[in-house]
Amino acid sequence: MDRADHVVKGFGRAALLVLALLCPWAASAQGAADATFHVVVVDPSGAVIVGARVTLTPIAPDATAQSLDTGPDGEARLTSLVPGRYTIRVESPGFETATVREARVRRGENRREVKLAIARLAETVDVGRDARERGADPRSDAFATVLGPDAINELPDDPDEMERILNDMAGPGAVMRVNGFRGGKLPPKDQIAQIRFHRNMFAADTHEPGFMSIDIITKPGLENWRGATNIGVRDAALNARNPFAPEKGDEHFRRLAFSLSGPLWKKRTSLALSAETVDAFDSKTIVAALPTGYFADSVQKPNTTLNWSARLEHALNANQILRFEGQRNHNQLDNQGIGDYDLFDRAYRQVSDEALVRGSMAGSIRKSLYNELRFQWRSLSTAYTPASLAPTVMVLNAFNSGGAQIGGQQDSNELQLADDLDIATGKHAIRAGFQIDGGRYDTNVARNAGGTFTFSSLDAYNAAQPTTFTRNVGDPEVAVSQWQGAVYVQDDYRLRRELTVSGGIRVEAQQHIGGVHPGPRGGIAWSPFKDGRTTIRAGAGVFFDWFDAATYEQAVQLDGTHQRISTITSPGYPIPSSGANSVILPAGRVELASNLSQPSLREANAAVERQLPGNLRVSAMFVARRGVDLLRGVDVNAPLADGTRPYPLAGTITSVESIASSSFNAMFVNVNYSRPERRIFVAANYALARSINDTDGAFNLPADSHDLAAERGPALSDARHRFTSLANFPLFRKLTLGTAIRLQSALPYNITTGFDDNHDTVSNDRPVGVTRNTGRGGTIVDVGSRLSWTVGFGGAPRTGPGGPQVAIVRGGDADPLRSMPSGASDARYRVELYLQGYNLTNHTNATNFSGVQTSPFFGQATAASAARRLELGARLVF
């Protein structure tokens with residue numbers, strides 16, 4: 001018995017020991033078998049990356065990491081995981097390392113997408129980088145304002161209004177690109193992934209010297225089909241009366257838009273479609289002084305639009321993505337030419353048809369190279385049909401009547417080809433490439449074919465004593481071509497982790513203007529403090545301005561062979577040749593100077609940005625720019641002091657010459673505040689600037705062609721103060737408010753006597769001692785807002801296996817799963833009702849100030865931009 005008891009007790013002790021050893025293993029095995037994690041790795045274009053090393057480390061003491069390379073589909077599948085929180089680290093040669101901290105792994109299938117940036121060439125992704133290294137990267141997000149989906153959703157639904165607000169936000173001279181392309185219509189809001197306002201820091205790949213570029217990046221749509229419909233309605237009953245209209249004008253606006261995007265081949269090929277139609281008419285005020293007294297009225301200006309586009313994106317392989325896009329845009333505008341001083345008989349119709357085809361191929365090559373090849377073909381046809389062919393009667397800043405003096409058709413076919421190659425080698429980030437632009441331009445548009453009588457005042461009109469009668473005589477049909485190109489190279493060299501020095505050169509050449517023009521550029525980017533929250537940048541460079549094809553075309557039209565300018569001084573009225581003192585001048589013309597040079601701009605700036613606590617960023621920038629060899633018109637046959645002309649066998653000869661100059665000095669202050677987890681975004685810009693030049697354009701003649709010094713004055717865009725802001729934030733009960741504010745100080749205008757005292761046939765003489773553009777108009781206050789209410793239904797959006805795919809990593813160490821806003825944005829379907837307002841304060845933003853001393857309106861405004869307007873609309877997102 002004792003022995004049996006001993007055996008039983010021994011067996012029991014052994015069993016307990018085995019169970020003690022097995023239980024932890026069993027518990028561990030039971031948990032580990034519950035989770036699988038799919039990590040998909042893509043490059044900036046959205047193409048998958050093969051062979052990227054994915055390391056998954058549990059957040060626990062003495063945890064063991066698992067590593068796996070991505071396969072042909074760019075996916076690493078890690079199995080037998082214990083549910084919990086992990087750190088993901090993704091590495092691939094030629095790309096920035098990405099780190100996602102505290103990624104949550106739940107039971108069952110889990111999925112995560114991680115986007116890698118090209119090494120030291122990242123523009124939209126800064127994951128896992130040292131803060132000082134990121135701040136010292138000239139192509140990083142320092143000095144950039146980025147609008148994400150929530151901020152984009154609160155922009156106007158009308159693409160034209162959205163474009164206007166984005167341009168106001170960026171300031172004068174901003175360059176807008178969609179996926180690297182200029183021109184065409186903006187895509188629908190629901191197809192835009194990101195809008196980036198980025199300050200130009202003298203990159204050699206940039207032609208324009210603008211202070212801000214606006215880059216719009218569309219969604220690839222490789223995962224799921226999504227779409228949206230939009231209906232917008234605006235009516236006179238919701239609008240305020242224009243202060244210059246005797247009564248509220250009749251207005252009507254109806255917009256219907258549709259968009260759809262999704263995969264044709266999962267993770268390989270996507271298609272995006274959009275269409276928009278607009279049926280609208282706004283009212284334009286007429287304020288004039290007639291012989292019978294003052295006249296005020298408004299006219300309907302119908303606008304009919306039909307636009308559509310299709311965009312196809314295809315992943316050629318693991319590293320290359322191909323994109324094609326086609327657009328067709330039709331627009332008809334009626335009652336153009338009416339408004340301000342222009343009476344009803346000045347009307348004409350304008351019909352435009354645009355076709356656009358774009359293509360690009362982008363992706364990494366051998367891991368350390370990234371190349372993007374782009375081409376664009378654009379065809380534009382614009383036809384003008386005047387309501388009247390009668391001669392124009394122009395009583396300076398009193399009233400204009402008669403025909404519109406424009407009729408015919410203008411066609412253009414343009415081609416753009418560009419390539420950018422990024423090379424990452426050691427401490428060098430090199431970008432090289434080329435750009436070729438050009439096209440053919442055909443026109444038979446006749447301007448001023450019926451002639452124009454110019455009167456200095458109402459008294460002169462009542463006495464039938466015009467100052468001049470001018471008319472363009474001959475065949476306006478011409479066909480010209482215009483081509484230009486550039487090559488460039490730039491190296492961003494990381495001297496130290498916190499300091500990058502950049503140097504490059506861009507060489508440009510252009511047909512019809514002669515010469516090869518090198519433009520050197522350089523700069524530094526420095527992050528001086530250990531926290532990486534402060535960035536200092538400075539740079540300088542030389543930029544060149546293209547000689548515009550439309551300017552060349554018009555010069556060829558009026559070259560004295562195709563068309564010539566007929567001028568009669570002191571003509572009779574209504575028969576020009578019947579005047580007792582009439583003088584018929586020899587034919588005039590436009591010519592291009594033989595030594596015409598490409599206009600150049602020399603610019604330098606310095607800037608500092610500081611990341612403050614609470615997601616607040618503040619930056620300041622000082623800019624100094626000088627323009628030389630700018631184009632201006634000069635009458636080289638203007639009468640001399642004795643009244644004779646240098647070329648007695650010719651009339652007015654407008655010579656386009658490269659002799660003008662400009663100066664621009666400005667200080668910009670930018671404040672950004674962003675809380676994406678709460679869907680709050682605020683961006684505000686203030687500019688204090690002074691812009692001086694001595695030309696208003698290639699064909700604008702000076703008041704006195706023998707005294708060009710008097711032309712030095714404020715530029716027409718010289719607003720000393722500009723403030724713009726965008727903001728959006730949630731209110732309550734699924735309401736969201738977005739605002740856009742623009743404040744601007746007065747713009748200048750020119751003051752003239754109304755007479756042609758120097759007998760150069762142009763009534764733009766100024767009072768003695770008065771220089772160009774010395775008058776000032778009124779301030780602009782424009783407050784817009786969009787109040788929306790959104791409700792979601794239909795459950796979670798459809799996704800691939802394993803649940804929602806929500807994590808394209810775009811910076812910081814936050815877990816995107818936790819930072820995603822909850823509510824309607826998580827639903828499969830969303831309905832949004834919105835009320836959108838423009839000029840909500842109903843401020844009178846006066847325009848069209850008269851600078852003619854003989855005008856009854858001298859020193860006064862005779863028009864204003866639109867009064868308060870309200871638009872009701874609805875969107876269905878599915």
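The values are calculated or read from the model by the stated rules, or taken from the named source; none is laboratory data. Here the structure is a predicted model, which is why all the values come from computation and not from measurement. With ideal geometry, Cβ positions are generated from the backbone for all residues, glycine too; neighbour counts draw on all protein chains shown. Only protein heavy atoms, including side chains, enter the accessible area calculation; ligands, DNA and RNA are left aside. Shrake-Rupley method; radii C 1.70, N 1.55, O 1.52, S 1.80 Å.
Given a 1.4 Å probe and heavy atoms of the protein chains only, how would you sort Leu747, Leu716, largest accessible area at the top?
Leu716, Leu747
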> On the accessible surface of region 601-685, probed at 1.4 Å, how many percent belong to carbon and sulfur atoms?
Replying inline: 63 percent
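Taking the Cβ of Ala620 as the centre, find all other residues whose Cβ is under 12 Å away and add up their charges (Lys, Arg: +1; Asp, Glu: -1). All intermediate terms of the calculation are to be shown ahead of the outcome.
Values: positive: Arg199, Arg537, Arg610, Arg617; negative: Glu609.
It works out to a net charge of +3.
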> Using every alpha carbon pair in region 326-376, what percent of pairs falls into each 10 Å bin from 0 up to the bin containing the largest distance?
Replying inline: 19, 23, 18, 16, 12, 9, 2
> Rule-of-thumb check for region 662-808: C-alpha Rg over 2.2 N^0.38 Å?
Replying inline: 1.73
> How about Lys115: which lysines have a C-alpha closer than 22 Å to its C-alpha, ignoring those fewer than 8 places off in the same chain?
Replying inline: Lys219, Lys266, Lys267, Lys367
> Got a number for carbon plus sulfur as a percent of region 368-497's accessible area, 1.4 Å probe?
Replying inline: 55 percent
> By the scheme Lys and Arg +1, Asp and Glu -1, what is the net charge of all other residues having a beta-carbon under 11 Å from that of Asn242?
Replying inline: +2
> What area, in nm² and to one decimal, does the C-alpha convex hull of region 171-321 cast on average over all directions?
Replying inline: 13.5 nm²
> Can you give me the relative contact order of the chain as a percent, contacts being Cα pairs under 8 Å and 6 or more apart?
Replying inline: 10 percent
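Please report the relative contact order for region 398-524, taking Cα pairs under 8 Å with a sequence separation of at least 6, and give it as a percent rounded to a whole number. Kindly include the intermediate steps, with their values, before the conclusion.
Details: 255 pairs, mean separation 27.9, N = 127.
RCO, region 398-524: 22 percent.
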> Roughly how many whole Å is it from the C-alpha centroid of region 478-519 to that of region 216-261?
Replying inline: 40 Å
>> Please report Rg (one decimal) and Dmax (integer) in Å for the Cα set of region 601-641.
In response: 21.8, 69
> Under a straight-distance cross-link criterion of Cα-Cα below 16 Å, which aspartates and glutamates are reachable from Lys189, leaving out those fewer than 8 residues away in the same chain?
Replying inline: Asp150, Glu154, Asp157, Asp158, Asp160, Glu161, Glu163, Asp215, Glu276, Glu832
> Roughly how much of Leu389 is accessible, in Å² to the nearest 10, using a 1.4 Å probe?
Replying inline: 150 Å²
> How much solvent-accessible surface does Arg868 expose, in Å² to the nearest 10, with a 1.4 Å probe and all protein chains in place?
Replying inline: 80 Å²
> To the nearest 10 Å², what's Arg53's accessible area with a 1.4 Å probe?
Replying inline: 100 Å²
> Ignoring ligands, DNA and RNA, what accessible area per residue does the chain give at 1.4 Å, in Å²?
Replying inline: 43 Å²
> In the chain, which whole DSSP H runs stretch at least 27 Å along their own axis (Cα) and average 0.5 or higher on the Kyte-Doolittle scale?
Replying inline: 2-32
> What do you get for Rg/Rh over region 721-784 if you use C-alpha atoms and the Kirkwood form of Rh?
Replying inline: 1.39
